[in-house]
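Colleague: The structure follows.
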Amino acid sequence: MNDKQLIVCFDRCCHQRQFHHEFVTPSAILKQLLRIQGSMDIVSSSLTAISLLWTPLEACCFYSRKLETRVTTLSSKMEELTSKENDLKAEINRGMVNQQKNLRSEIQLWLKNVDKLVAEVKQIETEIEKHTKGCFPNYLSRYKLGKMMVKRINDMNLLQDKGVFPNGLFIDSSQDSGRILPTSGLVGDKTFNRVSKAIWKLLTDTNTSMIGVHGMGGLIDCKIFDRVIWVNVSRTFNVEKLQLDIADATNLELSKDENVIWRSTRLLEHLQGKKFVLILDDMWHKFSLEEVGIPHPSIDNGCKFVFVTRLMEVCRGMETQREVKVDLLTKNEAWDLFTTKSGPIQSDEIEPIAKAVCENCGGLPLAIITVGRAMRKVKDIRLWKNALEELQTSRADIIGMEEDVFARLKFSYLHLKDDHIKACFLYCALYPEDHKIDAAELIEYWMAEELITEIGDREKEINKGYTVLEMLARRRWVGLRQDA
């Protein structure tokens, strides 16, 4: 107690004594002072306790109020952050596909932190929905949720501020980017643009990593890519050859003397952590990525796989996420492609015959290219008439037709599952050229010829017929109208 407090206490003591007409003695004054001192100690202790409690109480009040507003703010901040993340990922995908560069570590860390924060915010939203039903009746729940929301909002603001990368997104990694593919310019603008735009859209889609491109051969032009790992799988699929081809395309030395498992392990270690586009062309069979040593593509590793095949069932077997169908060339595109290979047709007498030759290629790019090359700069009308005759009679005397076209068609035909399916296809050949066949009628004929047999059950036979028809359509042996 200081001097001022002592004087006040003394005055009070004297006043009280005078009021009661008591004689003021030193002992009385001392007793009064002790009594007042005790009361002040109690008050001082209470104030100290209140002071210690005030800070957490103030925090409780702060976190517990305006929860509805914070929910709105949390949702808004979350939307802003995820939008920025999606834009960044799209830009990253474009850079990786087109330039094959490695992502900077700071970008990877930022994306990782965003994913972690998004998961935490979703958990908070779940808690809000589960415990409060939107009205926040429980004070403890209000406090806990409020505190979590304030922290996450601050974290999102911080990530937004850090989401600016003045040094760019990528580090050059051209030594690991595979090969630069030659451009061939095989197809007309309309079909090429449609196919290339569809493929490019999927390549830049963050949620798509395995793409199937199925349809007629010769229509996929590798010029839509820049630096990629491109490997021709071919009809005679071989794990060892595929491993060695991929290793060669990525500057990895593998020995034929090593066994399949060891090569698979080395190839996997080599490709792990790299961002690349892998194009496997001319696929006829499905296979296991693990067996070859190819890491599965994902959003995290940024890899993209494109499987190019004539068969939709190969896409299904490889579990592609999205597919792009390659249709036949239009009449004008077929003619443009044909004259690109044959050279300009300057004779008015030859031109109608040349167009008929082109039309008999049926819009098949490979056939058009083969025939066009065989007839390049031919000026004798008799040779053109002979070519048309050979195409119309399905003879293979045109240079390259046997090796490049008919051999592939034969392989595809022999690749059909069983003799019943082959017989069903051959039955279609009995119809006139370009004849529109009714599907139900065709299946009835198959059943009558006992090409489809499900003993004692007509419905099963019809279902089997449509299954066979769909299988032939997938392999491009027949074409189905939308209403078929």
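Colleague: Can you give me the number of residues within the range 110-144 that are of a type in the set (A, V, I, L, M), modelled with pLDDT of 75 or more and exposed (fewer than 13 other Cβ atoms within 10 Å of the Cβ)?
Modeller: Going through the range 110-144 one residue at a time, the tally reaches 1.
Colleague: Restricting to the range 416-437, count the residues that are in a helix (DSSP H, G or I) and either in contact with a helix residue (DSSP H, G or I) (Cβ under 8 Å, 6 or more places away or on another chain) or surrounded by fewer than 15 Cβ atoms within 10 Å (Cβ to Cβ) (or both).
Modeller: Residues in the range 416-437 being in a helix (DSSP H, G or I) and either in contact with a helix residue (DSSP H, G or I) (Cβ under 8 Å, 6 or more places away or on another chain) or surrounded by fewer than 15 Cβ atoms within 10 Å (Cβ to Cβ) (or both): 9 in total.
Colleague: With the requirement that a residue be within 14 Å of Asp281 (Cα to Cα) and of a type in the set (A, V, I, L, M, F, W, C), what does the range 234-248 give you?
Modeller: Matches in the range 234-248: Phe237, Leu242, Ile246.
Colleague: Would you confirm whether any residue within the range 329-337 is of a type in the set (Ser, Thr, Tyr), part of a loop (DSSP other than H, G, I, E, B), surrounded by fewer than 16 Cβ atoms within 10 Å (Cβ to Cβ) and touching a Gly at 6+ places or on another chain (Cβ under 9 Å)?
Modeller: Yes, the range 329-337 contains at least one residue that is of a type in the set (Ser, Thr, Tyr), part of a loop (DSSP other than H, G, I, E, B), surrounded by fewer than 16 Cβ atoms within 10 Å (Cβ to Cβ) and touching a Gly at 6+ places or on another chain (Cβ under 9 Å).
Colleague: Can we say Lys341 is closer than 30 Å to Glu85 by Cβ and among the basic types (Lys, Arg)?
Modeller: For Lys341, the condition - closer than 30 Å to Glu85 by Cβ and among the basic types (Lys, Arg) - is not met.
Colleague: Specify the residue that is surrounded by the most Cβ atoms within 10 Å (Cβ to Cβ); the eligible residues are those in the range 92-109 that are modelled with pLDDT of 70 or more and not in a helix (DSSP H, G or I).
Modeller: That would be Leu103.
Colleague: Check whether at least one residue in the range 285-305 is in a strand (DSSP E or B), crowded, with 21+ Cβ neighbours inside 10 Å and in contact with a Cys (Cβ under 9 Å, 6 or more places away or on another chain), and report yes or no.
Modeller: First, pick out the residues of the range 285-305 that are in a strand (DSSP E or B): 304-305.
Of the ones still in play, those that are also crowded, with 21+ Cβ neighbours inside 10 Å are 304-305.
Filter once more, keeping what is in contact with a Cys (Cβ under 9 Å, 6 or more places away or on another chain): none.
No, that holds for no residue.
Colleague: Being buried (at least 16 other Cβ atoms within 10 Å of the Cβ) and at pLDDT below 80 is the filter here; which residues of the range 61-91 pass it?
Modeller: Result: Tyr63, Ser64, Leu67.
Colleague: With (1) within 28 Å of Val478 (Cα to Cα); (2) within 42 Å of the chain's Cα centre (by Cα) as the list, and Glu390 as the residue in question, which single condition is left unmet?
Modeller: (2)
Colleague: What number of residues within the range 245-268 satisfy the criterion of being surrounded by fewer than 16 Cβ atoms within 10 Å (Cβ to Cβ), within 16 Å of Ile229 (Cα to Cα) and among the acidic types (Asp, Glu)?
Modeller: Final tally of qualifying residues: 2.
Colleague: Which ones in the range 438-484 are at pLDDT 80 or above, closer than 27 Å to Trp284 by Cβ and outside any helix (DSSP H, G or I)?
Modeller: The answer is Leu451, Ile452.
The rows are residues; the columns are (1) without any contact (Cβ under 8 Å) to a residue 60 or more places away in the chain; (2) touching a strand residue (DSSP E or B) at 6+ places or on another chain (Cβ under 7 Å); (3) basic (Lys, Arg).
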| site | (1), (2), (3) |
| --- | --- |
| Ile229 | yes, yes, no |
| Asn232 | yes, yes, no |
| Glu240 | yes, no, no |
| Gln243 | yes, no, no |
| Asn251 | no, no, no |
| Leu254 | yes, no, no |
| Arg263 | yes, no, yes |
| Arg266 | yes, no, yes |
| Leu271 | yes, no, no |
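The values are calculated or read from the model by the stated rules, or taken from the named source; none is laboratory data. What you are looking at is a predicted structure, and each value in this text was computed from that prediction instead of being measured. FYI the Cβ positions are ideal-geometry reconstructions off the backbone, even for glycines, and counts take in every protein chain you see.
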